[in-house]
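Before any comments, here is the structure.
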């Protein structure tokens, strides 16, 4: 741990060195460079002072300056992150974002001390074009779809109306404060206050995500806050641009305000449509990637980024576009693309969003150290207070309204968390830099920074103990048992049926309608070979199966006598299977990580993973079948040799396959005559078929699903 | 349309229904309207083809069972009070009422809801979900997505998970226990507001 910190300090030192090399003309600075062997030329390259033209050793920093510095920053950020996780008790108390900002502050301070000028700041362009999209893409891709749509009404309610309430409230009351403190703040007009209100009122998805993921709250609460932070981007963008253009206009009429209102709708829905379009395109493209599988993940990123850029180009809401794009393409891409590509996509998403987030926070810290601060006690303090007050009242009012229409009421504790968890982050920061210059701009910048630091530090650090204090309903961690899944599905159908009878078009109606549309048209068009959609019951079952297989690899299971599936299992088989299952399920349940974990891919554990449909994996031309080969008795030892090799290979790829019913009929037809020959019909089928075709064996073998334990195959 | 008081008079035993099911008079009126619109031939009762005329229900994998649940055993018609009593299972559970202590148990209580769901499986009403009954429901819900063996395995596993007394069938208590973590009250509720 200490090593990591020293390493990061060394890195900062080298960063300084690089900056020193490129120091502005006219200032004298200490050079932290390796001892020069010769003269320093003015452009910073060293050379050995030899009369010959040949240079044995030279350094040319300018050549690589830009990428070198970027890499050093990213390295610093990542090492800080590593150090954070290794540093004992700190993660329990201080959220990661706080630590990163502190590191940024430190580095910024050091740079400022060395150079006596402002350190590099986060330019708004770099932020909006490069740093923000990966985070939002990651959030959109792993968005729990069902939960999101179930709560969509409430989320929209909070996002649109809540943001409007906050913006107007903060803007108007700040104007009141400015009027009161006429002496120092007299030249801040109403429009400026409203503009400031619009950028400071918005809850920031980056900050919210980073703090909430370390808190285990129930899913509904998480999706409410998170969904709100995503969707309020549309409102924020519109209001900000609206007020900005109002500032440039000579006068503002009622018509302009009305048009502004229309713009909110256009921006939101426009972003949605752009995202949908690119999402469907991506799904269609992924259908054809079977021959060039390595490229498949690239399409996901390209299309998402393209949707973001397109909507930014059209002044629509880029965040909504990219979230919609990711959420749309996810199910089709996962079905079309190989298992490895899926893993790559998920890992790259996590990695990039992690890096982005870290960079954002570090730069927030660095950019705080500037020359351009302007302080004003009344303004800053009243902004802080007003933000809190307006958010609290907004949430209370809106929730009182929306609870009448919801099935699950949002409790007081939940409301407190929603109000208190409204963190501001880098979006406000970038927006404030984009304001046209006017005398009090520096004051706005300072206030924004103070608000961000306050919300991230104070609210971020105290929210966890407060949550624990209030016993907010924690997230249920266990994977649903198969019974629960089955009965849950039954009840869903039941309620949909009853709603039909009653004539009430509840959410089940639309959900069912969408599912039908999805199955009939979209899946056929967008998914290769239209692999059958696995129902969630099947997926849970297969997930449980997969887990127990993997779990069994780690331990020595008792010997079970496996046979073909048709007959009921013997009592001792059931007992051992049940024992293994319960033991392994417990083990896996304990290792669970939350859904939006920044640090690890939630491998075996979250519900999201179980929704992934299973399909035949074809990579590199070979066919792998997994764990569906029946084990035969010792007499077939010779036969099991080639299969043993194959299963050895298959285990490393951990792929499951289901064969559609037609294959079942085919193989049973072809194996029909074999059945009369021997006592153990299935084994005989293997006997008969496998000498001829490896493939046919696989196909026949694949259709047996049994509780075969890994070790058995080795025998 | 008429005034509400005269409409309520058309509903026989309105007060008794309200007490037994927990519906308010506004709910009852709405349900009465719905009943009359479903009853295409104005016979005063519903038969199976009235239910089957509902498109959504026809496409529902367990639509047949749901329809059957409305008809008490042996009968071929559903009158209004049976209609209301069945639908009463789907009212949101009133948590506060139980504090009064002596209320008779409403159909919308959690146990009654679970019983209703249980009876969707248990068609022969022997109080247990046998493996065959479970398989039938699974087959209906999963359709052609799964092979027969997979269905068997799933059913096998589900019974293993729930079956505590090892009689290879799921009794109502075992059913209730396996669902103790699920929020049945909200899941099995339909909002009857207009």
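The values are calculated or read from the model by the stated rules, or taken from the named source; none is laboratory data. Remember, predicted model here, so these are calculated numbers, not experimental data. Reconstructed Cβ throughout: ideal geometry from the backbone, glycine too, with neighbour counts over all protein chains shown.
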Among (1) within 11 Å of chain B (Cβ to nearest Cβ); (2) modelled with pLDDT of 75 or more; (3) more than 28 Å from the chain's Cα centre (by Cα), residue A:482 falls short only on (3)
Determine, yes or no, whether residue A:214 is buried (at least 17 other Cβ atoms within 10 Å of the Cβ), touching a residue at least 40 places away in the same chain (Cβ under 8 Å), part of a loop (DSSP other than H, G, I, E, B) and under 18 Å from the mean Cα position of the chain (by Cα).
yes
Is it the case that the stretch B:162-178 has a residue that's farther than 26 Å from residue B:67 by Cα and buried (at least 18 other Cβ atoms within 10 Å of the Cβ)?
yes
Of all residues in the stretch B:52-101 being more than 14 Å from every other protein chain (Cβ to nearest Cβ) and at pLDDT below 80, the one that is farthest from residue B:25 (Cα to Cα):
B:74
Residue within the stretch A:196-203 that is under 19 Å from residue A:464 (Cβ atoms) and at pLDDT 80 or above present:
yes
Can you give me the number of residues within the stretch B:147-174 that are part of a loop (DSSP other than H, G, I, E, B) and under 23 Å from residue B:123 (Cα atoms)?
6
Tally of residues being assigned to a loop (DSSP other than H, G, I, E, B) and over 26 Å from residue A:267 (Cβ atoms) across the stretch A:300-357:
2
Taking the stated definitions as given, is residue B:135 over 19 Å from the mean Cα position of the chain (by Cα), at the interface with another protein chain (Cβ under 8 Å from one of its Cβ atoms), surrounded by 16 or more Cβ atoms within 10 Å (Cβ to Cβ) and under 30 Å from residue A:501 (Cα atoms)?
no
Given the conditions (1) without any contact (Cβ under 8 Å) to a residue 40 or more places away in the chain; (2) surrounded by 24 or more Cβ atoms within 10 Å (Cβ to Cβ), which single one is not true for residue A:189?
(2)
Based on this model, can you work out whether residue A:280 counts as within 26 Å of the chain's Cα centre (by Cα) and either in a helix (DSSP H, G or I) or without any contact (Cβ under 8 Å) to a residue 60 or more places away in the chain (or both)?
yes
Any idea how many residues of the stretch B:175-194 are at the interface with chain A (Cβ under 9 Å from one of its Cβ atoms) and either over 25 Å from residue A:147 (Cα atoms) or not in a helix (DSSP H, G or I) (or both)?
12
Mind checking whether some residue in the stretch B:109-123 is within 13 Å of chain A (Cβ to nearest Cβ), more than 19 Å from the chain's Cα centre (by Cα) and at pLDDT below 85?
no
Being more than 11 Å from chain A (Cβ to nearest Cβ) and surrounded by fewer than 17 Cβ atoms within 10 Å (Cβ to Cβ), is that true of even one residue in the stretch B:138-158?
yes
Looking at residue A:352, is it under 16 Å from the mean Cα position of the chain (by Cα) and either within 14 Å of chain B (Cβ to nearest Cβ) or surrounded by fewer than 18 Cβ atoms within 10 Å (Cβ to Cβ) (or both)?
yes
